[in-house]
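Participant: Pasting in a structure now, in structure tokens, and then I'll have a few things to ask.
Since every read-out is calculated from the coordinates, none of them should be taken as a lab result. Keep in mind that this is a model prediction, so the values were computed, not measured. Methodologically, a virtual Cβ is constructed for each residue, glycine included, from the backbone with ideal geometry; neighbour enumeration extends over all protein chains shown.
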Amino acid sequence: MNVEVTVVDPEVAVVAVQGDLDADTGTYLHHQLANQLVHGRRHLVLDLRAVPFMDSSGLGIIIRAINDTKRVDGSVRLAALSPALRRLLDLTGISVTTPVHADPEEALAAIQRTPAHAAAEPEGGASAGADRAATGPGPGSA
């Protein structure tokens, strides 16, 4: 699994996940998401376009991230789901309670429209100071 984090602004990060999200790799993703919260990024966009498989451990990581961001008045938005992942999230009800977007750009636009975030946005807009940090390969990487 690879995880790449793009910090959009001090409160928002896009987390691109590549590879299977399962019992072997879920803890690695959880640590990456928790690290973003520790650094004040309370709105997370999970770009799942390159996740071909997710089991119950992966679902648990997403649910935990949703709960953790809610505790700090933040949010998780899911983006670029494959049809198989969309079906899994529909069957489990996660897609009913968590916004799902066609792509990360759509998710970021939705975050920018939220009144609480718009009031806290730094001068220069959300793209000012965007920073990309590749966290590198995690467990299960080929």
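Participant: For a quick protection proxy, order the peptides 27-34, 87-94, 64-71 by their average other-Cβ count within 10 Å, most packed first.
Facilitator: Result, highest mean Cβ count within 10 Å first: 27-34, 64-71, 87-94.
Participant: With a cut-off of 8 Å between alpha carbons and a minimum separation of six or more residues, what is the relative contact order of segment 2-121 in percent?
Facilitator: 24 percent.
Participant: Continuing with the same structure: Counting pairs of Cα atoms in segment 50-118, how many percent are more than 20 Å apart?
Facilitator: 28 percent
Participant: Work through the residues other than ASP55 whose Cβ is under 11 Å from its Cβ and net out their charges, Lys, Arg +1 and Asp, Glu -1.
Facilitator: So the environment of ASP55 carries a net charge of -3.
Participant: Okay, moving on. Provide, as a two-decimal number, the C-alpha radius of gyration of segment 2-121 over 2.2 N^0.38 Å, N being how many residues it has.
Facilitator: Ratio of Cα Rg to 2.2 N^0.38 Å: 0.97.
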